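Report on one structure; see the data block that follows.
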Amino acid sequence: MDDQGKRVAMVTGGAGMIGRAVAVELASRGWSLFIHHTVCDGREDQTLAAIEEEANRNGQAVRVACGHGDLADADARDLLVEQALDGFGRVDMLVNAAAPAGEAVDLLEMSPEAYRQVTDTMLTGTLFLTQLVANEMVRLVEAGQLERPRIVTVNSIGAYTTSMDQAPHCLARAGLSMMTKLFADRRGEHGIGVYEIRVGIVTSGTGDPVHPRYDTLIADGLTPIRRWGRPGDVARAVAAIAEDYLAFSTGEVINVDGGFHLRRL
């Protein structure tokens, strides 16, 4: 297949429910994909099968490649970017969608190790992977090989909502939100659009033990749109950026949270 001019997205966390949904949505629109998985555990095969099915359904011929590695490891990040560029020669869009790491821990019992377990991957790893890809995007833009590249970070309402048993995640999420603003400011001159998708309560299936609790909260009006979010809701927001519908916006937060962010009386 001739890949000349084919748009390429690098998606982290491809085995997670949101990363997979994003990859499938982009494939349905003709994007080729380099998908990051943290480990080889069989879930990448499920992601590849879902991508192939959706691409075929929409008559799209796309190419998909995968890489593995811990985003907290500098060598792994270097290798991922090298593999993406060796395989496709370009990265038109980076989607940071790696799933949260670490266990719930009370703020007053949080250890430095528990803090680092979360922030090393979620914040530090994402920050320096984004730095690597952004610099490559600048190189490709200056060489005339890319036009309007994009960086999207899938974040959550944890960026501004306190949760006493999720303190490391809240701190990492707040950092990711600032990261979006910083890259938007630094790389805007090169035409790189940078965005944050801020996700609310998204279902991972009725088997989740917190599901009954949030069913009640949502029904009682926790969010104006009284339903659970779905991975596809997030994926379609990423697709709007992918299709360049927000060409005169950068550093923007797109809330996909059912209206949770509204301040209501």
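Thr180 meets each of the listed conditions (1) farther than 30 Å from Leu140 by Cα; (2) in a helix (DSSP H, G or I) apart from (1). Residues that are surrounded by fewer than 21 Cβ atoms within 10 Å (Cβ to Cβ), of a type outside the set (A, V, I, L, M) and either assigned to a strand (DSSP E or B) or free of Cβ contacts under 8 Å to residues at least 12 places away in the same chain (or both) within the stretch 132-150 comprise Asn135, Arg139, Gly144, listed in sequence order. Take the conditions of a type in the set (Lys, Arg) and within 29 Å of Leu127 (Cα to Cα) and apply them to Arg264. Does it pass? Spelling it out, it is not the case that Arg264 is of a type in the set (Lys, Arg) and within 29 Å of Leu127 (Cα to Cα).
Close Cβ contacts (under 6 Å, 6 or more residues apart or on different chains) running from residues in the stretch 218-237 that are of a type in the set (S, T, N, Q) to residues that are surrounded by fewer than 18 Cβ atoms within 10 Å (Cβ to Cβ) comprise Thr223/Gly259. For the stretch 215-226, the condition of being among the charged types (D, E, K, R) and in contact with a strand residue (DSSP E or B) (Cβ under 8 Å, 6 or more places away or on another chain) holds for none of the residues. Set side by side, the residues Gly102, Gly42, Gly59, Gly67 differ, and just one is in contact with a helix residue (DSSP H, G or I) (Cβ under 6 Å, 6 or more places away or on another chain), among the small types (Gly, Ala, Ser) and more than 22 Å from Val152 (Cα to Cα), which is Gly102. Looking across the stretch 173-195, the residues that are in contact with an Asp or Glu (Cβ under 9 Å, 6 or more places away or on another chain), crowded, with 21+ Cβ neighbours inside 10 Å and not β-branched (Val, Ile, Thr) come down to Leu176, Met179, Gly193, Tyr195. Listed by position, the strands (runs of 3 or more DSSP E) inside the stretch 1-77 whose residues that are modelled with pLDDT under 95 and more than 18 Å from Val91 (Cα to Cα) number at least 1 form an empty set.
Considering only residues in the stretch 151-169 that are among the small types (Gly, Ala, Ser) and over 15 Å from the mean Cα position of the chain (by Cα), the one that is surrounded by the fewest Cβ atoms within 10 Å (Cβ to Cβ) turns out to be Ser163. When the stretch 99-115 is filtered for residues that are assigned to a helix (DSSP H, G or I) and either under 12 Å from Met10 (Cα atoms) or without any contact (Cβ under 8 Å) to a residue 12 or more places away in the chain (or both), the ones remaining, listed by number, are Leu108, Glu109, Pro112, Glu113. Considering the stretch 87-98, and only residues there that are part of a strand (DSSP E or B) and touching a Lys or Arg at 6+ places or on another chain (Cβ under 8 Å), the residue that is farthest from Gln145 (Cα to Cα) turns out to be Leu94. Name the residue that is farthest from Leu80 (Cα to Cα), counting only residues in the stretch 99-109 that are over 16 Å from the mean Cα position of the chain (by Cα) and surrounded by 17 or more Cβ atoms within 10 Å (Cβ to Cβ). Out of the qualifying residues, it is Val105.
Within the stretch 162-208, being more than 23 Å from Ala240 (Cα to Cα) and free of Cβ contacts under 8 Å to residues at least 12 places away in the same chain holds for Thr162, Ser163, Gly205, Thr206, Gly207, Asp208. Only a single item in (1) in contact with a Gly (Cβ under 9 Å, 6 or more places away or on another chain); (2) under 17 Å from Val238 (Cβ atoms); (3) not in a loop (DSSP other than H, G, I, E, B) is not met by Ala84, and it is number (2). No other residue among Ser28, Ser32 is over 25 Å from Val138 (Cβ atoms), of a type in the set (Gly, Ala, Ser) and within 19 Å of the chain's Cα centre (by Cα) apart from Ser28.
The values are calculated or read from the model by the stated rules, or taken from the named source; none is laboratory data. Please read these numbers as outputs of a predicted model, since none were measured by experiment. Backbone-built Cβ (ideal geometry, glycine too); neighbour counts: all protein chains shown.
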